[in-house]
Amino acid sequence: MSTASTTDTAANATAPGKISVWREGPIGWIAIDNPARRNAVGLAMWKALPKAVDQLCAQAETRIIVLRGAGNSIFVAGADISEFETTHREPASARAYEASNTAAFAALRNCPLPTLAMIRGFCLGGGLGLAAACDMRIADSTARFGIPAARLGVGYPPSAIADVTRLIGPSRAKLLYFSARRIAAETALDFGLIDLLAADGALEEETTALAREIATRAPLTIKASKTAIDALTASLAPADLVRCEALANACFDSADFAEGRTAFMEKRDPVFQGR
């Protein structure tokens, strides 16, 4: 049995994106759907993601959730920076925005069901954060990964940084965060950022086959395994987390963040002053 539904999180021209949710037998699907902006995630979409996860988890038939980008070319190009002039104009609104990011990542990270990210094309910034919050990642050769925070002067939630660091280690995580460079799918596989590299033209087929395979396995065994693995890899102490959050929040109070946002909108290289 298959069910289909769409959660439309934005109904006007300034925020056209939505989160689409449907189920095909035991496989629940969540699509980041904003093709006009290369599937960038707007504020309403960030807020809708936890609801989408809950919606699928509430259906007893769902055994696994697959996260993808709408269309056939892009996963997620990151947060919708065109909104930042509004959502990040004041430090308080910027922190509220980041809280919605954190909640979306947490919804995937803490999902009681297995989660799998299907990646093609751009997987950047918040998109990489969403993929890293999933249990597993499969990509094709078109996938490109990067974290542009240092080009924009923004601070990332420490829990999201922890997801990436657990996958690829501190040195490679620093390479991505410090340089803001993009890496190809083959390099991402070598780093451990993705788990499987699908054959050209076979991403959806291989993703569906893997999801169906997992869906046939014992749910209680999977739940116990996921809980144990997550517990063994958690490493953020509360005091460290508070300090990390303070440093990330300070980015949104800075002149550098204003410069990064303005440079992006003006399509020029930013000039940062470290203040």
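For the stretch 56-190, rounded, prolate or oblate, judged on the Cα gyration tensor with a ≥ b ≥ c (square roots of eigenvalues), a/c < 1.5 rounded, else prolate if a/b > b/c? Oblate, because a/c is 1.5 or more while a/b does not exceed b/c. The residues neighbouring CYS134, those whose beta-carbon lies less than 11 Å from its own, together hold a net charge of 0 under the Lys/Arg +1, Asp/Glu -1 convention.
A Förster radius of 25 Å, combined with the Cβ-Cβ distance separating TRP22 from THR216, puts the computed FRET efficiency at roughly 0.80. Considering only beta bridges that DSSP places wholly inside the stretch 66-189, some 25 percent are antiparallel. Footprinting exposure proxy ranking of GLU98, GLU204, GLU213, fewest other C-beta atoms within 10 angstrom first, gives GLU213, GLU204, GLU98. Could you please state, rounded to a whole Å, how far the C-alpha centre of the stretch 64-86 is from the C-alpha centre of the stretch 189-214? About 19 Å separates the Cα centre of the stretch 64-86 from the one of the stretch 189-214.
Placing a label point 7 Å from the Cα of PHE178 along the Cα-to-Cβ direction, the residues of the stretch 139-169 with a backbone N closer than 14 Å are 150.
Residue order for LYS267, LYS174, fewest other beta carbons within 10 angstrom first, comes to LYS267, LYS174.
Neighbours of VAL41, meaning other residues whose beta-carbon lies under 11 angstrom from its beta-carbon, give a summed charge of +1 when Lys and Arg score +1 and Asp and Glu score -1.
When +1 charges are put on Lys and Arg Cβ atoms and -1 charges on Asp and Glu Cβ atoms, the dipole computed for the chain relative to its Cα centre reaches about 220 debye. When the square roots of the Cα gyration tensor eigenvalues are ordered a ≥ b ≥ c, the ratio a/c for the stretch 124-170 is 1.5 or more and a/b does not exceed b/c, which makes its shape oblate. Across the stretch 221-227, rounded Karplus estimates of 3J(HN,Hα) from the backbone phi angles (6.51 cos²θ - 1.76 cosθ + 1.60, θ = phi - 60°) give 5, 4, 4, 5, 5, 4, 4 Hz, Gly and Pro being marked x. Rank GLY155, TRP22, GLN59 by how far each Cα sits towards the positive end of the charge dipole of the chain (+1 on Lys, Arg Cβ; -1 on Asp, Glu Cβ) and give me just the farthest. Of the candidates, GLY155 comes out farthest on the positive side. Taking 0.36 nm per residue of sequence separation and removing the Cα-Cα distance, the LEU247/SER93 pair yields an extension gain of 53.8 nm. If you take all other residues with their beta carbon under 11 Å from the beta carbon of SER73, and give Lys and Arg +1 and Asp and Glu -1, the sum is +1. Normalised by the number of residues in the stretch 94-160, the mean separation of alpha-carbon contacts (under 8 Å, six or more apart) gives a relative contact order of 36 percent. Sorted ascending by nearby beta carbons within 10 Å, beginning with the fewest, LEU196, LEU128, LEU113 become LEU196, LEU113, LEU128. Only one residue of LEU232, ALA202, SER73 has its Cα farthest out toward the positive end of the dipole of the chain, where Lys and Arg carry +1 and Asp and Glu -1 on Cβ, and that residue is LEU232. Shown in residue order for the stretch 23-33 are the 3J(HN,Hα) couplings computed by the Karplus curve 6.51 cos²θ - 1.76 cosθ + 1.60 at θ = phi - 60°: 10, 10, x, x, 9, x, 10, 10, 10, 7, 10 Hz (x for Gly and Pro).
The numbers here are math on the coordinates, done by the rules we state, and not lab data. Keep in mind it's a predicted model, so treat the numbers as computed, not measured. Ideal geometry is used to build each Cβ from the backbone, glycine not excepted, and the neighbour counts take in all protein chains shown.
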